[in-house]
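Enquirer: Can you read through this structure? Questions will come right after.
The values are calculated or read from the model by the stated rules, or taken from the named source; none is laboratory data. All values reported here derive from a predicted model rather than from experimental measurement. Heads up, the Cβs are rebuilt from the backbone with ideal geometry, glycines too, and the neighbour counts pull from every protein chain shown.
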Amino acid sequence: MSTLDKDKVVGLLNQILEQELAGVVRYTHYSLLVFGYNRIPIVAWLHEQASESLVHAQQAGEMITHLGAYPSLAIGPLLDSHQTDIGTIMRESLETEGKALALYKELLVTVESHSVMLEEYARQMVHAEEQHAGEVDKMLRRPGDIAAFQPQ
């Protein structure tokens, strides 16, 4: 195994930590804005996403401290269009999940063949984020549509 660029890896992990902490805030905020007949299952799903983001933030922080570095106390950008319809909330979610996915993929490329632990962590997170994006994509489709969601 060749030398790991620790500074770059810690930088990426801190960006991930900040992005995931923003997810906790964002999904919690979204859950307060859901109204209508389907409120209960949607709010429950949003709470699950907030909890998952917290776990992901904790995992990133553990990786940072494993490398002997200091985890960021910042929170990533909080995208909010101030629209409260479920479609807008889901589209914003898909956009921010895409940003998190890009960070995990960059981490994977950076750590490949340098650290099995970090490589496996990055792979697991890419898998989780791709799966989550796929679920949001399905939620954005109209009932009966098979094709992936196409933002306009």
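Enquirer: Here are Lys105, Lys8, Lys99: which of them is free of Cβ contacts under 8 Å to residues at least 40 places away in the same chain and either assigned to a helix (DSSP H, G or I) or under 11 Å from the mean Cα position of the chain (by Cα) (or both)?
Expert: Values: Lys8 fails: free of Cβ contacts under 8 Å to residues at least 40 places away in the same chain; Lys99 fails: free of Cβ contacts under 8 Å to residues at least 40 places away in the same chain.
Of Lys105, Lys8, Lys99, the one residue that is free of Cβ contacts under 8 Å to residues at least 40 places away in the same chain and either assigned to a helix (DSSP H, G or I) or under 11 Å from the mean Cα position of the chain (by Cα) (or both) is Lys105.
Enquirer: Continuing with the same structure: Among the residues of segment 50-57, is there at least one that is out of contact with any strand residue (DSSP E or B) (no Cβ under 6 Å at 6 or more places or on another chain) and farther than 15 Å from His132 by Cβ?
Expert: Checked against the condition, which is being out of contact with any strand residue (DSSP E or B) (no Cβ under 6 Å at 6 or more places or on another chain) and farther than 15 Å from His132 by Cβ, segment 50-57 yields no hits at all.
Enquirer: In addition: Give me the pairs, please: first residue somewhere in segment 31-52 and without any contact (Cβ under 8 Å) to a residue 24 or more places away in the chain and surrounded by fewer than 16 Cβ atoms within 10 Å (Cβ to Cβ), second residue anywhere and in a loop (DSSP other than H, G, I, E, B) and not basic (Lys, Arg), beta-carbon distance under 8 Å, and either six or more positions apart or on two chains.
Expert: none
Enquirer: Which residue is nearest to Leu103 (Cα to Cα), if the candidates are limited to segment 60-78 and must be in a helix (DSSP H, G or I) and among the hydrophobic types (A, V, I, L, M, F, W, C)? First the steps, then the outcome.
Expert: The initial filter retains those residues of segment 60-78 that are in a helix (DSSP H, G or I), namely 60-66.
With the extra rule that they be among the hydrophobic types (A, V, I, L, M, F, W, C), the set shrinks to 60, 63-64.
Working: Ala60: 12, Met63: 15, Ile64: 15 Å.
By that ranking, first place goes to Ala60.
Enquirer: Looking at segment 82-121, which of its residues are of a type in the set (D, E, K, R) and loosely packed, with under 15 Cβ neighbours inside 10 Å?
Expert: Asp85, Glu95, Glu112, Glu120 - these are the residues of segment 82-121 that are of a type in the set (D, E, K, R) and loosely packed, with under 15 Cβ neighbours inside 10 Å.
Enquirer: I'd like the residue in segment 122-145 that is of a type in the set (D, E, K, R) and in a helix (DSSP H, G or I) and, out of all such residues, is surrounded by the fewest Cβ atoms within 10 Å (Cβ to Cβ).
Expert: It comes out as Lys138.
Enquirer: Something else: Test Thr84 against the criterion of being outside any helix (DSSP H, G or I) and among the β-branched types (Val, Ile, Thr), and give yes or no.
Expert: yes
Enquirer: What is the number of the single condition among (1) at pLDDT below 95; (2) crowded, with 19+ Cβ neighbours inside 10 Å that Leu79 does not meet?
Expert: It is condition (2) that Leu79 fails.
Enquirer: Same structure, new question: Looking at Ala44, Ala57 in this structure, which one is in a helix (DSSP H, G or I), small (Gly, Ala, Ser) and under 13 Å from the mean Cα position of the chain (by Cα)?
Expert: Working: Ala44 fails: under 13 Å from the mean Cα position of the chain (by Cα).
So the residue among Ala44, Ala57 that is in a helix (DSSP H, G or I), small (Gly, Ala, Ser) and under 13 Å from the mean Cα position of the chain (by Cα) is Ala57.
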